[in-house]
Amino acid sequence: MAAPMSRFVNRIVHRKFKDYSLPAFSRHKLLYLSVLNTKKFTNVYLQVNVLPKLKPVFRGLSDQRHARKCWKCSKLTNEETDLFFCKCGVVQAVPSDLDYFEVMALPHSFDIDINNLTKLYKDLQWKLHPDKFSQKSKEEQTHAAIQSSFINKAYFTLLKPLSRGLYLLELQGNPVDEKNTSVDPEFLMEIMEINEDVIEVASKSVVLTEIENVNRSKMDACIKLISKAFKEDDILVAKEQLVKLKYYSKVDDTIKDVHRSKMG
Ligand code: ZN
């Protein structure tokens, strides 16, 4: 089932919230709407019929959702403030049900604040640095190492628009399937020509930089269209532009390699 079901709808439909009070009828209607690919209707139905009923329960649940006990001192830890460390100072295990956006305290959106993301990432990597755990127990060292590599993955996935967009589609249950995605032949021709130009002018730095700049502006145009598509829930356009961005990004990597090979 490749319907664009948000994680939230998914959780409601599949009763992942333990003791919510939504009647079976509303749940089935929600499933029906989301399977029919009508994300806008699903959202409206959610806002009007589901959220008001869920709210008191949901609010309670969101407090409990990631409530865990500290493995060392056994006190309950708070989802937001103690996600990585308990108040007793001990590093915690990675919560298994959090996605990269949640771990980095960001909304599930294509448009994110990169400065905030980078600030949090640097802060966490500093706190979880192996040097800080050299005198600690093996268990703490292991938790810190796993946390650190998880945060790395989260950061680098969310940092670049391409991987962020692909990940967002994955979370929505609608990943880009490259084997079944046909790419416009005219676009492929364009990419082939750019690649040929890159090889041809490889020795002329100035011309190469010109090609690089033109390619970058094409990437920026894709990113703008992807952002708009996500805002409008237009998954088809989001996918189409992400695939294009992937090609332009490959060109960008090639040009960087040429620059590098000349320096080395
Ligand atoms: Zn503790």
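Throughout, read-outs are computed from the coordinates displayed, never taken from laboratory work. In this text the structure is predicted, and so the values were computed from the model without any measurement. Note that each Cβ is placed from the backbone with ideal geometry, even for glycine, and that neighbours are counted across all protein chains shown.
Name the long-range amide H neighbours of Asp233: under 5 Å, sequence gap of 5 or more, or other chain; modelled H, no Pro or chain starts.
none
So if R0 is 35 Å, what FRET efficiency would Thr142 and Met263 give, r being the distance between their Cβ atoms, rounded to the nearest 0.05? Kindly include the intermediate steps, with their values, before the conclusion.
On the way: r = 40 Å, r/R0 = 1.14.
FRET efficiency, Thr142 to Met263: 0.30.
Using only Cα atoms, locate the centre of segment 180-220 and the centre of segment 94-130, then give the distance between them in Å, rounded to an integer.
A separation of 33 Å, based on Cα centres.
Report P(r) for segment 72-159: all Cα-Cα distances, bin width 5 Å, range 0 to the bin holding the largest distance, values in whole percent.
For segment 72-159, the pair-distance distribution reads 3, 14, 25, 25, 19, 10, 4, 1, 0.
Please identify the trypsin sites (Lys or Arg not before Pro) of segment 205-253 that satisfy two criteria: DSSP loop assignment and at most 15 other Cβ atoms within 10 Å. Which are they? Please list the in-between numbers first.
Working: sites: Arg216, Lys218, Lys224, Lys228, Lys231, Lys239, Lys244, Lys246, Lys250; in loops: none.
Counting only loop positions with at most 15 other Cβ atoms within 10 Å, none of the trypsin sites (Lys or Arg not before Pro) in segment 205-253 qualifies.
Compute the Cα gyration tensor for segment 114-228, then decide on rounded, prolate or oblate, letting a ≥ b ≥ c be the square roots of its eigenvalues: rounded whenever a/c is under 1.5, prolate when a/b is larger than b/c in the other cases, and oblate in all that remain. Mind showing how you got there, number by number?
Working: a/c = 2.85, a/b = 1.88, b/c = 1.52.
Since a/c reaches 1.5 and a/b is larger than b/c, the shape of segment 114-228 is classed as prolate.
How about segment 175-264: which GluC sites (Glu not before Pro) there lie in a loop by DSSP and see at most 14 other Cβ atoms within 10 Å? Intermediate values should be presented prior to the final figure.
Details: sites: Glu178, Glu186, Glu190, Glu193, Glu196, Glu200, Glu210, Glu212, Glu232, Glu240; in loops: Glu232.
Counting only loop positions with at most 14 other Cβ atoms within 10 Å, the GluC sites (Glu not before Pro) in segment 175-264 are Glu232.
Give the dimensionless ratio obtained when the Cα radius of gyration of segment 179-262 is divided by 2.2 N^0.38 Å.
Working: Rg = 14.2 Å, N = 84, 2.2 N^0.38 = 11.8 Å.
It is 1.20.
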